[in-house]
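Trainee: Structure below; questions to follow.
The values are calculated or read from the model by the stated rules, or taken from the named source; none is laboratory data. Model, not experiment: these values are computed from the prediction. Heads up, the Cβs are rebuilt from the backbone with ideal geometry, glycines too, and the neighbour counts pull from every protein chain shown. Areas reflect the complete protein model, heavy atoms only, side chains present, ligands, DNA and RNA absent. Shrake-Rupley method; radii C 1.70, N 1.55, O 1.52, S 1.80 Å.
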Amino acid sequence: MRTKLTMYEPIKSSDDHQWREKKDIESALEISRSSLPPDKDRLVSLDVFRGLTVALMILVDDVGGIVTAINHSPWNGLTIADFVMPFFLFIVGVSLAFAYKNLSCRFAATRKAFIRSLKLLLLGVFLQGGFIHGLNNLTYGIDVEKIRFMGILQRIAIAYLVAAMCEIWLKGINNVSSELSMIKKYRFHWVVAFVITTIYLSLSYGLYVPDWEYQISTEDQESTLTAFLNLKVKCGVRGNTGPGCNAVGMLDRMFLGIHHLYKKPVYARTKQCSINSPDNGPLPLDAPSWCQAPFDPEGLLSSLMAIVTCLVGLHYGHIIIHFKDHKKRLNQWILRSFCLLMLGLALYLFGMHLNKPLYTLSYMCVTAGASGFLLSAIYLMVDVYGYKRASFVLEWMGIHALPIYVLIACNVVFLIIHGFYWKKPINNLLHLIGIGK
(Lines give C-alpha, C1' and ligand atoms only; values in the text may rest on other atoms or scores of the structure.)
Protein backbone atom coordinates (compact mmCIF):
# COMPACT_ATOMS: atom_id res chain seq x y z
CA MET A 1 0.00 0.00 0.00
CA ARG A 2 1.34 3.39 -0.96
CA THR A 3 0.87 5.94 1.75
CA LYS A 4 1.78 9.55 2.27
CA LEU A 5 2.22 11.42 5.53
CA THR A 6 1.77 15.15 5.19
CA MET A 7 3.44 17.58 7.56
CA TYR A 8 1.60 19.70 10.08
CA GLU A 9 0.32 23.17 9.40
CA PRO A 10 0.82 25.92 12.02
CA ILE A 11 -1.70 25.79 14.81
CA LYS A 12 -4.37 28.48 14.89
CA SER A 13 -5.29 30.08 18.18
CA SER A 14 -9.04 29.93 17.46
CA ASP A 15 -9.20 26.16 16.83
CA ASP A 16 -10.49 25.32 20.30
CA HIS A 17 -11.94 28.73 21.26
CA GLN A 18 -15.51 27.49 21.69
CA TRP A 19 -14.37 24.62 23.89
CA ARG A 20 -12.37 26.97 26.13
CA GLU A 21 -15.39 29.25 26.49
CA LYS A 22 -17.54 26.31 27.52
CA LYS A 23 -15.18 24.69 30.02
CA ASP A 24 -12.56 27.41 30.58
CA ILE A 25 -10.22 24.70 31.68
CA GLU A 26 -7.85 22.21 30.12
CA SER A 27 -6.20 19.03 31.18
CA ALA A 28 -2.94 17.45 30.13
CA LEU A 29 -4.80 15.42 27.56
CA GLU A 30 -6.05 18.57 25.85
CA ILE A 31 -2.56 20.06 25.89
CA SER A 32 -1.17 16.98 24.17
CA ARG A 33 -3.67 17.31 21.32
CA SER A 34 -4.29 21.08 21.17
CA SER A 35 -1.34 21.44 18.82
CA LEU A 36 -2.74 19.12 16.21
CA PRO A 37 -3.92 20.49 12.85
CA PRO A 38 -7.17 19.63 11.03
CA ASP A 39 -8.18 15.99 10.88
CA LYS A 40 -6.95 15.39 7.31
CA ASP A 41 -3.39 16.33 8.31
CA ARG A 42 -3.44 14.76 11.76
CA LEU A 43 -0.66 12.38 12.75
CA VAL A 44 -2.95 9.44 13.44
CA SER A 45 -0.33 7.43 15.30
CA LEU A 46 -0.10 10.13 17.99
CA ASP A 47 -3.88 9.97 18.53
CA VAL A 48 -3.70 6.18 18.72
CA PHE A 49 -0.83 6.37 21.21
CA ARG A 50 -2.81 8.82 23.34
CA GLY A 51 -5.95 6.69 23.12
CA LEU A 52 -3.98 3.57 24.09
CA THR A 53 -2.60 5.41 27.12
CA VAL A 54 -6.09 6.54 28.16
CA ALA A 55 -7.37 2.96 27.81
CA LEU A 56 -4.43 1.70 29.84
CA MET A 57 -5.09 4.29 32.54
CA ILE A 58 -8.76 3.28 32.81
CA LEU A 59 -7.75 -0.39 32.98
CA VAL A 60 -5.27 0.30 35.78
CA ASP A 61 -7.74 2.41 37.75
CA ASP A 62 -10.61 -0.08 37.49
CA VAL A 63 -8.82 -3.44 37.54
CA GLY A 64 -5.50 -2.66 39.22
CA GLY A 65 -6.93 -3.12 42.70
CA ILE A 66 -8.11 -6.62 41.72
CA VAL A 67 -5.26 -7.84 39.51
CA THR A 68 -1.97 -7.14 41.25
CA ALA A 69 0.09 -7.61 38.09
CA ILE A 70 -1.29 -4.39 36.56
CA ASN A 71 -1.37 -2.35 39.76
CA HIS A 72 1.40 0.14 40.58
CA SER A 73 4.53 -1.34 42.08
CA PRO A 74 4.54 -0.83 45.88
CA TRP A 75 7.97 0.81 45.66
CA ASN A 76 10.88 -0.46 43.54
CA GLY A 77 10.18 -2.24 40.27
CA LEU A 78 7.94 -1.75 37.25
CA THR A 79 4.46 -2.90 36.31
CA ILE A 80 2.33 -1.94 33.33
CA ALA A 81 0.65 0.74 35.47
CA ASP A 82 3.95 2.53 36.00
CA PHE A 83 4.21 3.37 32.28
CA VAL A 84 1.03 5.47 32.14
CA MET A 85 2.46 8.72 33.53
CA PRO A 86 5.64 8.67 31.36
CA PHE A 87 3.54 7.91 28.29
CA PHE A 88 1.42 11.02 28.88
CA LEU A 89 4.48 13.20 29.49
CA PHE A 90 6.15 11.85 26.36
CA ILE A 91 3.05 12.53 24.24
CA VAL A 92 2.82 16.09 25.57
CA GLY A 93 6.44 16.63 24.56
CA VAL A 94 5.91 15.29 21.02
CA SER A 95 2.86 17.53 20.57
CA LEU A 96 4.74 20.62 21.70
CA ALA A 97 7.05 20.34 18.69
CA PHE A 98 4.02 20.98 16.46
CA ALA A 99 2.45 23.62 18.70
CA TYR A 100 5.48 25.89 18.42
CA LYS A 101 6.70 24.94 14.97
CA ASN A 102 6.09 28.47 13.66
CA LEU A 103 6.05 31.30 16.20
CA SER A 104 4.72 34.72 15.25
CA CYS A 105 5.27 36.23 18.70
CA ARG A 106 7.27 34.63 21.50
CA PHE A 107 5.68 36.77 24.18
CA ALA A 108 2.14 35.81 23.11
CA ALA A 109 3.14 32.13 23.01
CA THR A 110 4.67 32.44 26.49
CA ARG A 111 1.53 34.02 27.87
CA LYS A 112 -0.62 31.28 26.36
CA ALA A 113 1.65 28.56 27.79
CA PHE A 114 1.45 30.07 31.28
CA ILE A 115 -2.34 30.32 31.11
CA ARG A 116 -2.68 26.71 29.93
CA SER A 117 -0.39 25.49 32.70
CA LEU A 118 -2.29 27.46 35.34
CA LYS A 119 -5.63 26.07 34.16
CA LEU A 120 -4.25 22.55 34.23
CA LEU A 121 -2.79 23.10 37.70
CA LEU A 122 -6.11 24.35 39.08
CA LEU A 123 -7.99 21.48 37.46
CA GLY A 124 -5.58 19.03 39.07
CA VAL A 125 -6.05 20.58 42.51
CA PHE A 126 -9.83 20.40 42.08
CA LEU A 127 -9.92 16.78 40.91
CA GLN A 128 -7.08 15.37 43.03
CA GLY A 129 -6.84 17.74 45.98
CA GLY A 130 -9.49 15.97 48.07
CA PHE A 131 -12.55 18.05 47.11
CA ILE A 132 -14.31 14.94 45.77
CA HIS A 133 -14.59 12.22 48.41
CA GLY A 134 -14.94 9.11 46.26
CA LEU A 135 -17.62 6.84 44.81
CA ASN A 136 -19.08 5.74 48.13
CA ASN A 137 -19.34 9.24 49.61
CA LEU A 138 -21.88 11.74 48.30
CA THR A 139 -20.31 14.63 50.21
CA TYR A 140 -17.71 17.02 48.89
CA GLY A 141 -15.39 19.74 50.10
CA ILE A 142 -11.90 19.95 51.57
CA ASP A 143 -10.26 21.74 54.47
CA VAL A 144 -7.74 24.10 52.83
CA GLU A 145 -5.24 23.19 55.55
CA LYS A 146 -5.26 19.61 54.26
CA ILE A 147 -5.71 20.07 50.51
CA ARG A 148 -3.30 18.12 48.33
CA PHE A 149 -1.28 20.50 46.17
CA MET A 150 0.48 18.05 43.84
CA GLY A 151 -0.95 15.36 41.58
CA ILE A 152 -0.87 13.89 38.09
CA LEU A 153 -2.22 16.92 36.27
CA GLN A 154 -0.13 19.30 38.35
CA ARG A 155 3.02 17.40 37.42
CA ILE A 156 2.13 17.46 33.73
CA ALA A 157 1.43 21.20 33.99
CA ILE A 158 4.93 21.80 35.34
CA ALA A 159 6.57 19.63 32.69
CA TYR A 160 4.52 21.23 29.93
CA LEU A 161 5.46 24.76 31.03
CA VAL A 162 9.20 24.09 31.22
CA ALA A 163 9.26 22.24 27.89
CA ALA A 164 7.20 25.00 26.26
CA MET A 165 9.59 27.69 27.53
CA CYS A 166 12.51 25.73 26.09
CA GLU A 167 10.80 25.42 22.72
CA ILE A 168 9.80 29.09 22.63
CA TRP A 169 13.00 30.73 23.87
CA LEU A 170 15.88 28.25 23.50
CA LYS A 171 15.46 27.11 19.90
CA GLY A 172 18.24 27.92 17.44
CA ILE A 173 17.67 29.77 14.15
CA ASN A 174 19.76 27.52 11.90
CA ASN A 175 18.11 25.29 9.31
CA VAL A 176 18.10 21.54 9.83
CA SER A 177 19.59 19.43 7.05
CA SER A 178 21.07 16.57 9.07
CA GLU A 179 21.01 14.97 12.48
CA LEU A 180 24.00 17.02 13.57
CA SER A 181 22.38 20.30 12.55
CA MET A 182 19.21 19.31 14.47
CA ILE A 183 21.25 18.66 17.60
CA LYS A 184 22.91 22.06 17.13
CA LYS A 185 19.55 23.79 16.71
CA TYR A 186 18.19 22.37 19.97
CA ARG A 187 21.45 22.12 21.92
CA PHE A 188 20.20 24.35 24.72
CA HIS A 189 17.28 21.97 25.29
CA TRP A 190 19.81 19.27 26.13
CA VAL A 191 21.68 21.69 28.37
CA VAL A 192 18.46 22.25 30.33
CA ALA A 193 17.84 18.49 30.55
CA PHE A 194 21.40 17.92 31.78
CA VAL A 195 21.16 20.69 34.40
CA ILE A 196 17.80 19.38 35.66
CA THR A 197 19.14 15.83 35.90
CA THR A 198 22.25 17.04 37.74
CA ILE A 199 20.14 18.98 40.25
CA TYR A 200 17.90 15.97 40.82
CA LEU A 201 20.80 13.57 41.40
CA SER A 202 22.68 16.04 43.61
CA LEU A 203 19.69 16.63 45.86
CA SER A 204 18.51 13.00 45.90
CA TYR A 205 21.87 11.57 46.91
CA GLY A 206 23.48 14.56 48.61
CA LEU A 207 20.86 15.95 50.97
CA TYR A 208 20.96 14.91 54.60
CA VAL A 209 17.60 13.54 55.78
CA PRO A 210 17.16 14.02 59.55
CA ASP A 211 14.72 12.24 61.86
CA TRP A 212 11.14 13.41 61.48
CA GLU A 213 7.71 12.72 62.92
CA TYR A 214 4.10 12.82 61.89
CA GLN A 215 0.70 12.46 63.50
CA ILE A 216 -2.09 9.94 62.89
CA SER A 217 -5.58 9.86 64.33
CA THR A 218 -7.08 6.91 66.17
CA GLU A 219 -10.74 6.58 67.09
CA ASP A 220 -11.99 5.15 70.38
CA GLN A 221 -15.12 3.17 69.52
CA GLU A 222 -16.45 3.24 73.10
CA SER A 223 -16.11 6.98 73.72
CA THR A 224 -16.36 8.03 70.04
CA LEU A 225 -13.39 10.31 70.65
CA THR A 226 -10.54 10.87 68.26
CA ALA A 227 -7.03 10.63 69.67
CA PHE A 228 -3.83 11.64 67.94
CA LEU A 229 -0.67 9.58 68.00
CA ASN A 230 2.76 10.99 67.17
CA LEU A 231 5.10 8.64 65.32
CA LYS A 232 8.81 9.29 64.86
CA VAL A 233 10.80 8.11 61.87
CA LYS A 234 14.51 7.67 62.47
CA CYS A 235 16.70 8.57 59.51
CA GLY A 236 19.92 10.58 59.79
CA VAL A 237 21.17 9.41 56.38
CA ARG A 238 22.14 10.64 52.91
CA GLY A 239 21.29 9.08 49.57
CA ASN A 240 18.66 6.72 50.94
CA THR A 241 16.02 5.64 48.41
CA GLY A 242 13.76 3.77 50.78
CA PRO A 243 10.19 4.88 51.56
CA GLY A 244 10.90 6.57 54.89
CA CYS A 245 14.18 8.45 54.55
CA ASN A 246 14.48 9.73 50.97
CA ALA A 247 15.17 13.33 49.98
CA VAL A 248 12.06 13.47 47.77
CA GLY A 249 9.73 13.05 50.72
CA MET A 250 11.80 15.36 52.93
CA LEU A 251 11.59 18.27 50.47
CA ASP A 252 7.84 17.78 50.08
CA ARG A 253 7.34 17.84 53.84
CA MET A 254 9.54 20.92 54.07
CA PHE A 255 8.02 23.02 51.27
CA LEU A 256 4.47 21.67 50.88
CA GLY A 257 3.79 20.56 54.44
CA ILE A 258 3.03 17.03 55.55
CA HIS A 259 -0.73 17.74 55.75
CA HIS A 260 -0.78 18.55 52.01
CA LEU A 261 0.68 15.24 50.85
CA TYR A 262 -1.05 12.14 49.51
CA LYS A 263 -2.55 10.17 52.39
CA LYS A 264 -2.51 6.72 50.75
CA PRO A 265 1.06 6.12 49.55
CA VAL A 266 1.90 3.08 47.46
CA TYR A 267 4.48 1.84 49.96
CA ALA A 268 1.61 0.89 52.27
CA ARG A 269 1.46 -2.28 50.12
CA THR A 270 5.11 -3.25 50.69
CA LYS A 271 6.04 -6.33 52.72
CA GLN A 272 7.13 -4.14 55.62
CA CYS A 273 3.69 -2.49 55.80
CA SER A 274 1.15 -5.10 54.69
CA ILE A 275 0.74 -8.75 55.54
CA ASN A 276 -1.12 -9.10 52.22
CA SER A 277 1.63 -7.47 50.14
CA PRO A 278 1.57 -6.53 47.29
CA ASP A 279 -2.07 -5.82 48.18
CA ASN A 280 -3.28 -3.63 51.00
CA GLY A 281 -3.68 -5.29 54.34
CA PRO A 282 -3.20 -4.99 58.10
CA LEU A 283 0.15 -3.81 59.42
CA PRO A 284 2.63 -6.51 60.50
CA LEU A 285 3.59 -6.50 64.16
CA ASP A 286 7.09 -5.27 63.35
CA ALA A 287 5.99 -2.65 60.80
CA PRO A 288 8.31 0.37 60.57
CA SER A 289 7.04 3.72 61.81
CA TRP A 290 6.83 5.30 58.33
CA CYS A 291 4.19 2.87 57.01
CA GLN A 292 1.27 5.23 57.71
CA ALA A 293 3.08 8.46 56.81
CA PRO A 294 1.81 10.61 53.93
CA PHE A 295 3.94 10.63 50.79
CA ASP A 296 3.25 12.25 47.43
CA PRO A 297 4.21 10.16 44.37
CA GLU A 298 4.02 13.36 42.30
CA GLY A 299 6.25 15.44 44.54
CA LEU A 300 8.41 18.47 43.80
CA LEU A 301 11.84 16.88 43.40
CA SER A 302 10.59 13.84 41.50
CA SER A 303 8.81 16.16 39.05
CA LEU A 304 12.22 17.32 37.81
CA MET A 305 12.77 14.02 36.03
CA ALA A 306 9.20 14.19 34.69
CA ILE A 307 10.28 17.39 32.93
CA VAL A 308 13.14 15.49 31.30
CA THR A 309 10.68 12.87 29.99
CA CYS A 310 8.69 15.67 28.37
CA LEU A 311 11.87 17.09 26.82
CA VAL A 312 12.72 13.66 25.40
CA GLY A 313 9.27 13.53 23.79
CA LEU A 314 9.86 17.02 22.42
CA HIS A 315 13.01 15.77 20.71
CA TYR A 316 11.06 12.92 19.07
CA GLY A 317 8.62 15.55 17.81
CA HIS A 318 11.50 17.53 16.30
CA ILE A 319 12.43 14.45 14.27
CA ILE A 320 8.94 14.44 12.73
CA ILE A 321 9.14 18.16 11.98
CA HIS A 322 12.52 18.12 10.26
CA PHE A 323 12.61 14.71 8.54
CA LYS A 324 9.86 13.65 6.14
CA ASP A 325 11.11 10.20 5.23
CA HIS A 326 9.46 7.35 7.14
CA LYS A 327 12.62 5.28 7.29
CA LYS A 328 14.74 8.12 8.61
CA ARG A 329 12.22 8.94 11.32
CA LEU A 330 11.94 5.34 12.43
CA ASN A 331 15.71 4.78 12.40
CA GLN A 332 16.33 7.81 14.58
CA TRP A 333 13.49 6.96 16.98
CA ILE A 334 14.56 3.34 17.37
CA LEU A 335 18.23 4.26 17.88
CA ARG A 336 17.42 6.80 20.59
CA SER A 337 14.92 4.48 22.25
CA PHE A 338 17.48 1.69 22.35
CA CYS A 339 20.11 3.98 23.88
CA LEU A 340 17.68 5.22 26.54
CA LEU A 341 16.60 1.69 27.40
CA MET A 342 20.18 0.43 27.64
CA LEU A 343 21.21 3.41 29.78
CA GLY A 344 18.30 2.81 32.14
CA LEU A 345 19.07 -0.90 32.48
CA ALA A 346 22.78 -0.15 33.02
CA LEU A 347 21.92 2.27 35.82
CA TYR A 348 19.65 -0.37 37.33
CA LEU A 349 22.43 -2.98 37.23
CA PHE A 350 24.75 -0.53 38.99
CA GLY A 351 22.26 -0.13 41.83
CA MET A 352 19.86 2.66 40.85
CA HIS A 353 16.37 1.24 41.39
CA LEU A 354 13.56 1.55 38.88
CA ASN A 355 11.27 3.60 41.09
CA LYS A 356 8.20 5.55 39.98
CA PRO A 357 7.42 7.40 43.27
CA LEU A 358 10.98 8.81 43.26
CA TYR A 359 11.05 9.04 39.44
CA THR A 360 14.66 7.88 39.39
CA LEU A 361 16.93 8.49 36.41
CA SER A 362 16.90 4.78 35.57
CA TYR A 363 13.09 4.79 35.62
CA MET A 364 13.00 7.85 33.38
CA CYS A 365 15.36 6.28 30.83
CA VAL A 366 13.56 2.92 30.68
CA THR A 367 10.06 4.41 30.39
CA ALA A 368 11.15 7.07 27.86
CA GLY A 369 12.81 4.37 25.77
CA ALA A 370 9.66 2.26 25.96
CA SER A 371 7.61 5.29 24.89
CA GLY A 372 9.84 5.74 21.86
CA PHE A 373 9.57 2.08 20.86
CA LEU A 374 5.79 2.14 21.23
CA LEU A 375 5.47 5.34 19.18
CA SER A 376 7.65 3.76 16.47
CA ALA A 377 5.52 0.61 16.36
CA ILE A 378 2.23 2.54 16.18
CA TYR A 379 3.64 4.93 13.58
CA LEU A 380 4.80 2.00 11.43
CA MET A 381 1.44 0.25 11.65
CA VAL A 382 -0.85 3.26 11.27
CA ASP A 383 0.92 6.00 9.32
CA VAL A 384 3.26 3.91 7.18
CA TYR A 385 1.25 0.76 6.40
CA GLY A 386 -2.13 2.43 6.81
CA TYR A 387 -3.82 0.00 9.21
CA LYS A 388 -6.14 2.68 10.54
CA ARG A 389 -9.36 0.69 10.78
CA ALA A 390 -7.86 -1.69 13.32
CA SER A 391 -6.97 1.24 15.56
CA PHE A 392 -10.13 3.28 15.00
CA VAL A 393 -11.39 2.94 18.59
CA LEU A 394 -8.05 4.00 20.07
CA GLU A 395 -7.83 6.89 17.63
CA TRP A 396 -11.30 8.05 18.69
CA MET A 397 -10.30 7.82 22.34
CA GLY A 398 -7.17 9.84 21.62
CA ILE A 399 -9.13 12.58 19.84
CA HIS A 400 -11.69 12.75 22.67
CA ALA A 401 -9.19 12.15 25.44
CA LEU A 402 -10.18 15.16 27.55
CA PRO A 403 -13.86 14.28 28.19
CA ILE A 404 -12.94 10.61 28.64
CA TYR A 405 -10.32 11.48 31.22
CA VAL A 406 -12.53 13.86 33.22
CA LEU A 407 -15.72 11.78 33.04
CA ILE A 408 -14.32 8.25 33.32
CA ALA A 409 -10.84 8.28 34.81
CA CYS A 410 -11.74 10.95 37.39
CA ASN A 411 -15.02 9.13 38.20
CA VAL A 412 -17.18 12.19 37.49
CA VAL A 413 -19.77 10.22 35.50
CA PHE A 414 -19.91 7.53 38.21
CA LEU A 415 -20.38 10.15 40.92
CA ILE A 416 -23.29 11.62 38.98
CA ILE A 417 -24.91 8.19 38.58
CA HIS A 418 -24.27 7.41 42.25
CA GLY A 419 -26.15 10.58 43.21
CA PHE A 420 -29.45 9.03 42.08
CA TYR A 421 -30.59 6.25 44.42
CA TRP A 422 -33.73 4.58 45.80
CA LYS A 423 -34.47 5.41 49.48
CA LYS A 424 -30.88 4.73 50.60
CA PRO A 425 -27.60 5.78 48.92
CA ILE A 426 -26.51 2.14 48.72
CA ASN A 427 -29.46 1.40 46.42
CA ASN A 428 -27.96 2.81 43.22
CA LEU A 429 -27.13 1.51 39.77
CA LEU A 430 -23.39 1.33 40.46
CA HIS A 431 -23.81 -1.05 43.38
CA LEU A 432 -26.24 -3.13 41.32
CA ILE A 433 -23.59 -3.78 38.66
CA GLY A 434 -20.73 -4.12 41.16
CA ILE A 435 -18.94 -0.76 40.84
CA GLY A 436 -17.83 1.03 43.99
CA LYS A 437 -18.44 -1.82 46.39
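Trainee: For TRP169 and HIS400, calculate 0.36 nm times their separation in residues minus their Cα-Cα distance, and state this gained length in nm to one decimal.
Mentor: The TRP169-HIS400 span can extend by a further 80.1 nm.
Trainee: What do you reckon, how do PHE420, PHE323 stack up by accessible area (1.4 Å probe), largest on top?
Mentor: Reading off the accessible areas and sorting them downward yields PHE420, PHE323.
Trainee: Same structure, new question: Largest first, what is the accessible-area ranking of PHE350, PHE338 with a 1.4 Å probe?
Mentor: Sorted descending by solvent-accessible area, the residues read PHE350, PHE338.
Trainee: Skipping prolines and chain starts, which residues have an amide H placed within reach, meaning under 5 Å, of the one on CYS235, given they are 5 or more residues away or on another chain?
Mentor: Long-range HN contacts for CYS235: ASP211, TRP212.
Trainee: Can you give the FRET efficiency for THR218 and ALA55, using 1/(1 + (r/R0)^6), R0 = 41 Å, r = Cβ-Cβ distance, to the nearest 0.05?
Mentor: It comes out at approximately 0.50.
Trainee: Let me ask something additional. Give, in nm to one decimal, the length gained when the segment between LYS327 and LYS271 is fully stretched (0.36 nm per residue of separation minus the Cα-Cα distance).
Mentor: The LYS327-LYS271 span can extend by a further 15.4 nm.
Trainee: Please list, in order, the residues from segment 226-258 whose amide nitrogen is less than 18 Å from a point placed 7 Å along the Cα→Cβ vector of ASP211.
Mentor: Answer for this model: 229-238, 244-246, 250.
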